[in-house]
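Notes follow once the structure below has been shown.
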Amino acid sequence: MNDIQKTKVTTLKDGPLMVEGNFSVKGIDGNILSTMNKVFLCRCGKSANKPFCDGSHKK
Ligand code: FES
């Protein structure tokens, strides 16, 4: 598998998980929330737009 096909997850200091690659994000209802090649997933629990980070971790 080359780097273009890999999906990479990076933990950002005191912030979200940055996910890059070829993937989709599904909600708990099974609907696709995102097919973007880069998303930031909340890991602090404060986001009003879960599972995505909305910057609330900075407050
Ligand atoms: S990690 Fe950014 S709002 Fe939770």
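Read-outs throughout are calculated quantities, based only on the coordinates presented, and are distinct from any laboratory measurement. Since the model is a prediction, treat every value here as computed from it, not as a measurement. Quick reminder, even Gly has a Cβ in these numbers, built from the backbone with ideal geometry, and neighbours come from all protein chains shown.
Tabulated data
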read-out: Charge dipole (debye, nearest 20) of the chain; +1 at Cβ of Lys and Arg, -1 at Cβ of Asp and Glu; value: 220
read-out: Convex hull per residue volume in Å³, alpha carbons only, for the range 8-58; value: 68
read-out: Stretch gain in nm, segment E20-S34, where the contour uses 0.36 nm per residue and the Cα spacing is subtracted; value: 3.8 nm
read-out: Count of Lys pairs (Cα-Cα under 13 Å; at least 8 positions apart or interchain) in the range 8-58; value: 4
